[in-house]
Structure formats: structure tokens, C-alpha cells
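To keep things clear, I will list the structure first and then write my remarks on it.
Please treat every number below as a calculation from the coordinates, not as lab data. Please read these numbers as outputs of a predicted model, since none were measured by experiment. Positions of Cβ are backbone-derived with ideal geometry, glycine not excepted, and every protein chain shown enters the neighbour counts.
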Amino acid sequence: MSISSILNIAKNALSANQMALQVTSHNISNVNTKGYARQTPVFEEESASSVGGILIGNGVKVDSVIRFYDKYIEKQLASKNNEYQEQSIYSQYFERIESILNEDSTKLTSSITEFFNSWQELSTDPESTAVREGILASATNMSRTINNIYNGLKSIQIELNNKLKLEVEDINTITSAIADLNNMIYEGSATTSEANDYINRRTEYIKELSGKLDITYFEDEYGRVTILTSKGKPLVDGNQSWELSVMDNVETGFFNVGWKDSSGNITDITSNITGGSVRGLIEMRDGQINDFISDIDELARAIIEEVNTIHKQGYTLNHNPSSTDPDNIAFFKEITGNYSKDMAVSDEVKADIKNIAAASKIDSTSGTPIGNEIALGIASLIDQDILEGGTANIVDYTSSITNRVGQLTRNAKNFLEYSEDTMQIMEKQRETVSGVSLDEEMANLIKFQYAFQAASRLFTVADELFQSILEAV
Amino acid sequence: MRVTDSLKYAVLNKNLARIKQNIDATQNKIASGKRIVTPSDDPVASASGIGLESEKNMNSQYIRNLEKLKTLGGFYDTSITGIHDLLTKAKEIAITQASSTMDATTRKASAEQVKGIIEQLVTIGNTKIGNSYIFGGEKSSVVPFTLDSDYNVTFNGSEDVSSVYIDKNTKEDASISGHRVFISDTNIFEALKKLKDSLEANDQAKIQASLDDLESSLNKTQANIAHVGTYVAKVESYIEYKDVRNLDIEESLSKMMDIDIARAVTDFNALSNAYEAMLYSMAKVQNLSVLNYMR
């Protein structure tokens with residue numbers, strides 16, 4: 001046992017506490033870092049040395065720096081995020097669809113009612129050209145309203161498709177970053193503070209990835225994580241990552257999601273994706289929006305075809321008196337698909353409103369149209385069950401669209417709120433384990449500072465001891 | 001449970017955001033005066049709102065149709081009363097001239113009067129509103145009555161009349177045909193022509209005989225006046241019914257869609273209080289730090 005061993009103990013204590021101060025500072029500075037797990041130094045006694053058969057301690061050392069971390073909470077957070085991100089897509093886009101279909105702004109039903117009302121107006125004055133102007137105006141207005149709804153829905157669908165591509169690119173960035181981090185964690189010692197930070201970052205990335213895609217993952221003995229899609233396609237293994245890519249779907253004109261194997265062959269995995277924002281985007285794009293577009297299409301089709309069928313049997317103001325046949329003029333442009341997109345008044349009617357028919361018969365002597373049966377027939381369409389295979393009239397139909405979009409939006413909002421709440425509970429639990437408390441760190445700071453100061457004091461004591469001996473010489 | 005700093009702020013943020021969202025929604029409702037701003041606020045009510053709104057629009061159209069019929073009814077009333085007056089005048093002439101004290105000269109003069117009556121009746125028969133002749137029946141664009149130099153009147157219109165909707169699936173005649181008023185049962189023009197011819201011929205017996213036809217013409221016209229009266233009354237009661245129905249709809253719509261302002265404002269106040277309380281507690285929580293006691 002020598003005085004110099006006191007100096008040695010002082011030196012060890014200084015460096016241990018200094019290291020502890022550093023870890024504390026690191027915690028403090030990362031108080032707001034997302035996904036950071038607080039760290040703490042683990043102090044350990046230096047092995048004692050035997051002096052005259054008695055074991056005397058040799059001071060302290062920092063054995064390791066550990067991070068506070070609960071694997072199961074992190075795993076649950078990642079899987080909750082999968083649900084949460086999918087729900088956010090639904091909520092966000094249903095609200096947009098809702099605003100496109102909101103009668104308050106589109107006035108769809110009232111523009112349709114106006115249109116049929118204008119035919120009633122014609123029935124009360126079948127020869128009038130002024131009333132025919134009114135019919136043309138209300139028909140144009142109704143067609144435009146339907147066109148606008150189609151365009152609004154279609155542009156959301158295109159936006160969803162573009163966003164899908166961006167998400168796939170994001171996924172590739174994340175998987176390659178995870179592969180890099182895997183490598184660094186493997187190369188670095190698992191006990192250093194640096195490796196801890198890599199693990200924190202990787203955990204955050206995995207959570208983000210899980211928000212986009214349904215995945216399963218596990219760690220190997222070296223702390224590297226292997227990630228698979230839930231249907232078993234590898235995305236990350238060790239320091240290697242596999243890319244996803246978008247591929248054109250010839251049928252729909254939209255993107256499918258493909259998985260690229262190491263030799264560059266692409267497999268379509270679109271239908272295997274069952275969660276996350278990617279799933280949300282695909283489901284919204286191919287399911288819900290398409291449903292609404294075909295609803296509007298069906299509405300437009302029914303109006304176009306039913307009105308045309310009646311109108312073609314009519315005699316217009318331009319009827320040629322020498323013919324006894326109806327004028328066979330279509331009121332709406334005759335189309336065979338994309339009804340809501342292309343719905344418009346026919347060119348004949350647009351060019352000359354006298355081509356609008358009100359009468360279903362002609363005077364046998366003069367050949368001029370008489371009566372208002374055509375106008376009455378078209379006007380009465382609004383009350384007839386011309387939709388859903390003859391079970392719903394127009395107003396039933398448009399109100400059921402509103403009802404449906406309202407219910408879907410409300411459910412999406414509720415699900416999102418629920419999902420947010422569960423996320424928040426999980427985040428709280430995670431914070432409880434891993435979060436940095438500044439008060440705690442401040443207490444630690446003082447604790448380590450005093451220990452540091454006390455260790456410094458040891459130097460003075462040892463020094464004085466030396467001095468006493470030297471003076472005695 | 002450890003409460004960490006970022007948790008403290010995250011919870012505050014979350015709660016503030018939620019209250020703010022509610023404040024925003026309430027404010028929107030107050031500003032628009034509506035309880036339902038988007039369908040998701042109440043899907044079922046917004047769907048039935050659309051149905052009611054459209055029924056209201058359709059009713060307004062039915063009311064417009066009915067108002068037109070009412071105006072038209074006024075015209076028929078005036079016209080047919082006019083016919084009645086003229087026929088009465090003709091009957092007086094016939095009674096006077098059937099007397100044996102009258103001679104060829106007075107009868108000749110009376111014949112001129114009857115000609116005038118026929119001309120006036122043709123004018124009435126050709127009354128036009130806007131584009132249509134009101135006595136033309138379905139052929140409302142053709143001049144219904146033409147008079148030749150012999151005072152023969154031909155009817156060019158149609159016996160059938162058009163109809164218009166006055167309610168869902170309910171139609172009403174849009175006009176009264178000149179055939180019904182002038183031609184059917186007793187032909188008014190033929191009765192007058194007979195009178196005119198017998199006056200010109202100075203044939204007392206025939207003048208006497210023409211009185212029968214004039215009498216039945218008058219009876220028919222009286223029946224038509226009654227018919228128009230019933231028609232107008234029916235139209236008026238329909239208008240009233242539709243007006244009341246629309247008021248009912250507006251009331252239901254308002255109950256369904258409009259906001260209870262007092263309640264909304266109370267909600268709004270409660271929310272702003274909650275928001276202020278959150279901000280206050282945030283300021284307090286901020287001060288709860290060991291840092292305040294370290295130098």
C-alpha cells in the first residue's frame with residue numbers, strides 16, 4: 001500500500017465521474033430527441049489488492065453505459081404506428097372526398113332538381129324559347145357539377161398514386177439506412193454509448209418503416225436486426241437491404257408495388273400489403289374512390305340515357321312538317337362510358353335550343369308539334385326509380401351517397417382518434433422508461449460534480465502526505 | 001410512473017390541439033349558423049336534409065305551375081263571363097225580334113248586331129297569353145277560330161287539352177278547350193248564325209225557333225262558369241297546401257340543420273375556459289424545475 005495508490009484511486013474516480021458527467025450531459029442535450037433512450041453509467045469497484053493479507057479497495061471504474069429501453073414497448077409502438085399511419089390516410093382523404101361530395105358546396109341534388117323543374121316549366125309553355133334557354137342553362141350547370149365532382153375525385157386518386165411512389169422511395173431510404181446502422185452496431189461494441197445511439201436511431205427507423213408497411217422483425221445474436229414484410233419477403237438482413245419499386249398496372253393505369261430480389265427480378269406484392277400508410281393509399285385509391293366515381297357515373301348514366309330515350313321520341317320546334325317520324329335528337333351527348341367525366345348537352349341542342357322537344361305528337365294537317373308530353377315525361381323522371389336496378393330515385397340515390405361519405409368519414413375520424421389515443425398511451429409508457437427527465441439529470445449532475453470535486457480533493461491529500469514525508473527527510 | 005420533460009410537453013401539446021380543434025369546429029358552426037357543416041357531422045340528418053331540400057325545390061316548381069293555372073283561370077273566367085253576356089244580349093234580340101210588331105228593317109238591323117256578337121265571340125275564342133291561344137286545347141299555337149264571310153266559324157284547335165304536374169304523380173288540365181266552351185253539345189256559333197240568318201230572312205217562326213238553341217247555349221255557358229270557378233278554387237287550395245308543406249319542410253330543415261346559438265356560445269365559452277386553464281397550468285408546470293433552485 002503506497003501513497004501513490006491514493007493518487008491512482010483519485011485518477012480513476014476523476015475519470016469515472018467525468019465520464020458520468022458526460023453521459024448526463026448527453027442525456028440533457030437529447031431531452032427532445034425523438035426516439036432517444038436515456039443512458040446511465042454503471043459504476044463498478046476496481047478489483048481490490050491484498051496488502052498484508054487484507055484486501056484493500058482500488059477505487060472505481062465505469063463498467064458500461066446502458067440505455068433504458070423496453071423492447072416490448074418499442075415493438076408495440078411500431079405495430080401501433082402501422083395502424084395509426086393507415087388510419088391517418090383514411091381520415092385525411094375521406095375528409096377531402098367528403099368536401100368534394102358535400103352538397104353544401106356542390107349543390108348536386110339541387111342542380112338536378114333545377115334541371116327537371118325546367119322541364120316542368122316547359123310543360124306549362126311548350127312553345128317558349130325562353131324556357132328552352134332555361135333548360136339548356138340548367139342542363140349545362142348540372143353536367144358541369146357532375147364533371148367537377150368526377151374531376152375532384154379523380155385528382156385525389158392521382159394524388160394517392162403519386163404519393164404511393166414517394167412512400168416506396170421513402171421505404172427504400174429507410175431500409176438502406178437500417179442496413180447501414182446494423183453494420184455499425186455490429187462493428188461497434190455493444191456497450192459503448194455510440195452503439196446505443198445507433199440502436200436508438202434504428203429503433204426510430206423501424207417504427208417509421210412499420211408506419212408505412214406491415215413488417216416482422218427480430219434481432220440476431222450480434223444485435224443486427226432482420227426485417228421481413230409480413231408475408232416473408234426480406235427487406236433488411238444484416239448489412240444488406242432489398243428495394244421495393246413501383247410498377248405500372250396496365251389495367252388501371254396506376255402503380256403496383258413490387259419487391260426486387262438480389263438479381264433484380266421484381267415480384268408484385270401489392271395484394272400482400274395489409275397495413276401501414278402504403279396499404280391505406282392503395283385501399284383508398286383502388287377501393288373507396290373508385291366506388292364513389294362509379295356511383296357518380298351511374299347517376300350520370302341514368303340521367304343521360306333516360307332523358308335521351310324520352311327526348312328522342314319527341315318533335316322539336318325545328319320539326320320538318322313533311323315527316324311524321326319523331327326527330328330522334330339526343331338531348332345529352334350520347335356516350336358509352338366515363339359518363340360523369342364526359343356528361344354534356346348534345347351538340348344539336350347546344351347549337352340550337354329549338355332542337356329541344358316538348359311534344360310527343362304532331363298536328364296531322366299542319367305537321368307542327370302539339371302538346372307537352374315529352375316535357376312531362378322527362379320532368380317525371382325525378383320521381384321514378386331509375387337507379388340501382390329500378391329501386392331508387394335520383395334523390396334517394398344522391399342522399400345515400402351523402403350518407404355513406406358522411407358515415408365513412410366519421411368512422412375514419414373516430415378510428416384515427418382511437419388510434420391516436422392508443423399511440424399516446426404507448427408513447428407515455430415508452431417515455432416512462434426511456435425518456436429524459438431534466439430534474440433527474442440535474443440531480444445526477446450535482447451528484448457527479450460533488451464526486452468529481454471530492455476526488456480532486458484526494459490529490460491534495462496525497463500531495464500533502466508526500467510533503468509531510470519529504471519535510472521529515 | 002416517471003414523468004419526463006418531453007412527455008409533459010407532449011401531453012400539453014396534444015390537449016391544446018384537441019381543445020383548439022373543438023374551438024375551431026364550434027366557431028365554424030356559430031359562423032355558418034349550422035349544426036351540420038359536413039355530412040360526417042350527422043350523416044343521417046344530412047341525407048334526409050337533401051331529400052327535404054329537393055322536395056322543397058320541387059314544391060316551389062309545383063307552386064309556379066299552379067300560379068300559372070290560377071292566372072289562366074282568371075282569363076277563362078273573364079272570357080266565359082263575356083260569352084255569357086254576349087249570349088244574353090243575343091237572346092234579348094231574339095225575343096224582341098220574334099215579336100210580330102217587328103218588321104224587316106228592324107230585323108235587318110238586329111242581324112247586323114248579331115254579326116257583331118259573333119265577331120266578338122271569335123275574338124274571345126282567340127284570346128292569347130304569351131305564346132298560346134287559351135282555347136286551342138293541345139294545339140295552342142294555332143289560331144283556334146276562323147270566321148268566313150258567311151259567318152261560319154270553324155274550330156281549328158284540339159278537343160284534347162295538355163296537362164301539367166301540380167304534385168308528384170298528379171296532373172291537372174292546363175287549359176279548357178274551345179271545343180268544350182263553344183262547340184260541344186250546342187254549337188254557340190251555329191245557334192247565332194241560325195239567328196242571324198232567320199233575322200236576315202225576316203222569318204218570325206225561325207227566329208222563335210232559334211231561341212231554344214240560344215237558351216241551351218246560355219245554360220252550357222253557365223255550367224262552364226261554374227266549372228272555371230271550381231277549377232280556380234281547386235288550384236288555390238293546392239297552392240295553399242303546397243305553401244304550408246314548404247313551411248313545414250323549412251321548419252324541419254331548420255330544426256335538423258340549424259344551430260342552437262345559445263348552446264353553441266356556451267360551448268364556446270366552456271372551451272375557451274378550458275384552453276386558458278391549460279395555458280395557465282402550462283406556465284405553472286414550466287416553473288416546476290430544479291433549475292430554478294440552482295445557481
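With the charge dipole of the protein assembly as shown set up from +1 on Lys and Arg Cβ and -1 on Asp and Glu Cβ about the Cα centre, the Cα lying farthest toward the positive end among the listed residues A:GLY52, B:TYR238, A:THR274 is that of A:GLY52.
Cα gyration tensor of chain A, axes a ≥ b ≥ c as square roots of the eigenvalues: rounded (a/c below 1.5), prolate (a/b > b/c) or oblate? Prolate.
Its Cα centre serving as origin, region B:57-252 has a Cβ charge dipole (Lys and Arg +1, Asp and Glu -1) of approximately 220 debye.
Near B:HIS227: Cβ cut-off under 12 Å, other residues only, Lys/Arg at +1 and Asp/Glu at -1. The net charge is +1. The distance between label points at A:ILE3 and B:GLU92 comes to 15.6 nm (points 7 Å beyond Cα on the Cα→Cβ vector).
Think of each Lys and Arg Cβ as +1 and each Asp and Glu Cβ as -1; about the Cα centre, that makes the dipole of region B:150-284 roughly 340 debye. Pairs of Cα atoms nearer than 8 Å and 6+ residues apart set the relative contact order; for chain A it is 23 percent. Here the dipole of the protein assembly as shown is about 1560 debye; that uses its Cα centre as origin and unit charges on the Cβ of Lys and Arg (positive) and Asp and Glu (negative). Residue-wise HN-Hα couplings along region B:200-208, as the Karplus relation 6.51 cos²θ - 1.76 cosθ + 1.60 with θ = phi - 60° gives them from phi, are 5, 7, 6, 10, 4, 4, 5, 4, 4 Hz; Gly and Pro carry x. In straight-distance terms, cross-link reach from B:LYS20 covers every one of the lysines whose alpha-carbon lies under 18 Å from its own, apart from those fewer than eight places away in the same chain; here that gives A:LYS413, B:LYS29. Against the main long axis of the alpha-carbon atoms of chain B, helix B:261-287 sits at an angle near 20°. Annotation: amide H of A:PHE332 within the under-5 Å range of A:ASN308, A:SER346, sequence separation 5 or more or interchain, hydrogens built in the peptide plane. On full extension, the segment bounded by B:SER281 and B:ILE261 gains 4.2 nm, given 0.36 nm per residue less the C-alpha separation.
Take each residue of peptide B:60-70, count the partner chain Cβ atoms within 10 Å of its Cβ, and average: the result is 3. FRET efficiency for the A:THR324 to A:ASN411 pair, using the beta carbon distance and R₀ = 45 Å, is estimated at 0.15. Mind running the shape call on region A:173-308? Use the C-alpha gyration tensor, a ≥ b ≥ c as the square roots of the eigenvalues: rounded below 1.5 for a/c, prolate if a/b tops b/c, oblate otherwise. Cα axes put region A:173-308 in the prolate bin. Dipole orientation for the protein assembly as shown: of the candidates A:ASN338, B:SER140, A:THR24, A:THR24 has the Cα lying most toward the positive pole (charges on Cβ; Lys, Arg +1; Asp, Glu -1). Counted by Cβ distance under 13 Å from A:LEU458, the other residues give a net charge of 0, where Lys and Arg count +1 and Asp and Glu count -1. Our coupling estimate for region B:15-29, obtained by passing each phi through the Karplus curve with A = 6.51, B = -1.76, C = 1.60 and θ = phi - 60°, is 5, 4, 4, 5, 4, 4, 4, 5, 4, 4, 4, 5, 4, 4, 5 Hz, Gly and Pro reported as x. The angle separating the long axis of helix B:104-125 from the principal Cα axis of greatest extent in chain B is about 20 degrees. Ordered by the count of other Cβ atoms within 10 Å of each Cβ, fewest first, B:SER132, B:SER162, A:SER79 give A:SER79, B:SER132, B:SER162. The HN-Hα couplings worked out from phi for region A:256-269 by the Karplus form 6.51 cos²θ - 1.76 cosθ + 1.60 (θ = phi - 60°) are 9, 9, x, 10, 9, 7, 5, 8, x, 7, 10, 10, 6, 10 Hz, whole numbers, x standing for Gly and Pro.
List the aspartates and glutamates whose Cα lies under 19 Å from the Cα of B:LYS193, skipping any in the same chain that are fewer than 8 positions away. Leaving aside aspartates and glutamates fewer than 8 places away in the same chain, those within reach of B:LYS193 are B:ASP85, B:GLU92, B:GLU112, B:GLU119, B:ASP148, B:ASP150, B:ASP185, B:ASP203, B:ASP212, B:ASP213, B:GLU215.
Take the Cα of A:THR365, go 7 Å toward its beta carbon, and the backbone nitrogen atoms of region B:130-146 under 17 Å from that spot belong to B:133, B:135-146. Sites listed here are GluC sites (Glu not before Pro) in region A:119-213 whose DSSP assignment is loop and whose Cβ has at most 14 other Cβ atoms within 10 Å, and the list is empty. Across the cross-link table entries A:LYS333/A:LYS361; B:LYS91/B:LYS206; B:LYS56/B:LYS171; A:LYS75/B:LYS14, which are compared at the Cα atoms, the separations over 21 Å belong to A:LYS333/A:LYS361; A:LYS75/B:LYS14. Length gained on full extension, B:LEU247 to B:ALA201, computed as 0.36 nm times the residue gap minus the Cα-Cα distance: 10.0 nm. Of the residues B:ALA226, B:ILE117, B:SER79, the one whose Cα sits farthest toward the positive end of the charge dipole of region B:57-252, with +1 on the Cβ of Lys and Arg and -1 on the Cβ of Asp and Glu, is B:ILE117.
Once C-alpha pairs closer than 8 Å and six or more residues apart are averaged by separation and normalised to the residue number of chain B, the relative contact order reads 28 percent.
Around the amide H of B:PHE145, modelled in the peptide plane, lie the amide H atoms of B:ASN156, all under 5 Å away and 5 or more residues distant in sequence or on another chain. Summarising the amide proton neighbourhood of A:PHE254: residues at separation of 5 or more, or on other chains, whose placed amide H is nearer than 5 Å comprise A:ASN249.
Separation of the alpha carbons by more than 21 angstrom is noted, of B:LYS68/B:LYS128; B:LYS115/B:LYS194; A:LYS163/A:LYS341; A:LYS34/A:LYS231, for A:LYS163/A:LYS341; A:LYS34/A:LYS231.
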